[in-house]
Amino acid sequence: MNGFHANDKTRCEKFLSDYSYLIISEDTDFLGNGMYFWEQQSRAEWWLREKQKEVIVCAEIITDAMLDLNDPAVCSRIQHLYERIGSAVRNRYIKKYPKMDMQTGVKLNVLFEMCSFYMDAYKVVRGTRVYDTEESLFLANSKLSSRAVDIYCIRTPEVATKRVRV
C-alpha cells in the first residue's frame, strides 16, 4: 500500500535519505506513537495546507504485520489484553498518561510498552477516522462515505520502503 505523509522539508529529506529514520508523532489521541500516513495523496495535501507543512513524501507501506483496529475481533482481543494489565498499568503510568482510559493512542502506547511479547509482532497500526468535512455529492443518498479515512501509523522504519518525494 502506498502511504502519504506531509511534514517539514528537513525531516522529510531525512526520512527519504535515511531508511532507519521515521518522523515520529508522540500521539495519544489516535494510533499511538509512530509515523502517520494516509492512503490518499489528497489527504496529505489537505494536511499540508491545514498545518502549514512544506513537503509530502510517499512510501510503500508493508502491512503484513498490521494491527487492524477496523476489525472488531482485533479490537476485542486488544481490549481484553488492556483490561488484564489494567490496575498495574494505571499505577505505573497514571502520571505519564493522565487520560489513559480515554484515549486510544495512550492505550496503544501502554500496550506496546508493557506487552512487547505480544505487541512487537505489529509494525503498523490502522484505524479509521471520520472527518467533519462535506460529503461527496457523488455519494449522496448512499450508504458509502468519503468522510471515513483510513490512517496508518508505522512503528518501525523497515515497513516504509520505496520512499519518494511527491
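The values are calculated or read from the model by the stated rules, or taken from the named source; none is laboratory data. Worth saying up front: this structure is predicted, and the values here are computed from it rather than measured. Neighbour counts are summed over all protein chains in view; Cβ atoms, including those assigned to glycine, are modelled from backbone coordinates with ideal geometry. What goes into the accessible areas is simple: the full protein's heavy atoms, side chains included, and nothing from ligands, DNA or RNA. Shrake-Rupley method; radii C 1.70, N 1.55, O 1.52, S 1.80 Å.
With labels modelled as points extended 7 Å from the Cα through the Cβ direction, what inter-label distance (nm, one decimal) is found for residue 166 paired with residue 63?
1.6 nm
Arrange the peptides 30-38, 74-82 so that the one whose residues have, on average, the most other Cβ atoms within 10 Å appears first.
30-38, 74-82
Rounded to the nearest 0.05, what FRET efficiency is calculated for residue 81 and residue 51 with R0 set to 45 Å and r the Cβ-Cβ distance?
0.85
Tally Lys and Arg at +1 and Asp and Glu at -1 over the other residues with C-beta under 9 Å from the C-beta of residue 63: what net charge comes out?
0
Under a Cβ-Cβ cut-off of 14 Å, what is the net charge of the residues other than residue 161 that fall near it, where Lys and Arg count +1 and Asp and Glu count -1?
So the environment of residue 161 carries a net charge of -1.
Once the piece of chain linking residue 118 and residue 134 is laid out straight, how much longer is it, given 0.36 nm per residue of separation minus the C-alpha distance between them?
1.8 nm
Provide the descending list of Cα extents for the chain along its principal axes, expressed in whole angstroms.
Computed over the Cα atoms, the extents are 46, 44, 30 Å.
Listed here are the pairs 53/95; 96/162; 53/162; 9/95; 51/143; 96/123; which of them are more than 28 Å apart at the Cα?
Table pairs above 28 Å Cα-Cα are 53/95; 96/162; 9/95; 51/143.
Taking the Cα centre of each part, how many Å lie between region 1-57 and region 146-164?
Region 1-57 and region 146-164 have Cα centres spaced 9 Å from each other.
Packing-wise, with mean Cβ within 10 Å as the measure, how do 153-160, 48-55 rank, highest first?
153-160, 48-55
Roughly speaking, to the nearest percent, how much of region 75-166's 1.4 Å accessible area is carbon and sulfur?
53 percent
As I understand it, the value is the acute angle between the Cα axis of helix 104-114 and the longest principal axis of the Cα atoms of the chain; what does it come to in degrees, rounded to 10?
Rounded to the nearest ten degrees, it is 60.
Among 5, 47, 76, whose Cα projects farthest towards the positive end of the dipole of region 1-80, with charges put on the beta-carbon of Lys, Arg (+1) and Asp, Glu (-1)?
Value computed over the given set: 47.
Between residue 19 and residue 96, what's the calculated FRET efficiency when r is the beta-carbon distance and R0 is 30 Å? Round to 0.05.
Efficiency for this residue pair is about 0.50.
Quick check on packing: order 144-152, 132-140 by the mean number of other C-beta atoms within 10 Å, highest mean leading.
Ranked from most to least packed, the peptides come out as 144-152, 132-140.
Might you report the magnitude of the Cβ-based charge dipole of the chain about its Cα centre, with Lys and Arg at +1 and Asp and Glu at -1, to the nearest 20 debye?
My answer is approximately 380 debye.
What number comes out for the charge environment of residue 54, summing +1 per Lys or Arg and -1 per Asp or Glu over other residues with Cβ under 14 Å away?
Within the 14 Å Cβ shell, the charges total +3.
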